[in-house]
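Data block below; observations after.
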Amino acid sequence: MKFVNRGYLLVRPTKQFVKWANSTEPEFEMNEDFLEGNIYLIEEDFLEPEPIIESNFKKILKNELESVTDNEELWPEKLNVEIFEQFFTVEVGNMVFDLQKTDLLRE
């Protein structure tokens, strides 16, 4: 097992995100009971999660919206922290371990 020098944000969609997603892509209906979150690696050492979220929410929000549709006209009008907090819950941690023997890949 290898220690990875990163912390993480576990970003989980809320019912409001699911409702928005289903309104934009009705043929690809999401069911909130089976949604899993996405993990975003962040700096390893941080004191408070709020500044990390504040400085990264827009990149994360755009990535999550693009996972539903790349048609930006269907996105919320304002991409601000309030929309992010309505659409997602966030869990923060500072310990990441790699259980695999193969090297990590970056793209």
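Please compute the contact order of segment 13-107 in relative form: average sequence separation of alpha-carbon pairs under 8 Å and at least six residues apart, divided by the residue count, as a percent. Relative contact order for segment 13-107 comes out at 40 percent.
For the pair residue 77 and residue 27, how long in nm is the line joining their label points, each one 7 Å along Cα→Cβ? Between residue 77 and residue 27, the simple spin-label model gives 2.9 nm. Compactness check for segment 7-105: Cα Rg over 2.2 N^0.38 Å is 1.17. Taking 23 Å as the straight-line reach from the Cα of residue 62, the lysines in range (excluding those fewer than 8 positions away in the same chain) are 15, 19, 78.
Using the 1.4 Å probe convention, the accessible area of the chain works out to 75 Å² per residue with neighbouring protein chains retained. From its DSSP helices (H runs of at least four residues, each -39,500 (n - 2.57)), the chain gives a residue-normalised ellipticity at 222 nm of -10000 deg cm²/dmol.
Modelled label positions at residue 38 and residue 2, each set 7 Å beyond Cα in the direction of Cβ, lie 2.4 nm from each other. Computed from Cα atoms, the angle from the helix 15-24 axis to the main principal axis of the chain rounds to 60 degrees.
The values are calculated or read from the model by the stated rules, or taken from the named source; none is laboratory data. Please read all numbers here as calculations on a predicted model, not as lab measurements. No Cβ is skipped: glycine too gets one built from the backbone with ideal geometry, and neighbour counts run over all protein chains shown. Side chains included, ligands, DNA and RNA excluded: accessible areas come from the protein's heavy atoms. Shrake-Rupley method; radii C 1.70, N 1.55, O 1.52, S 1.80 Å.
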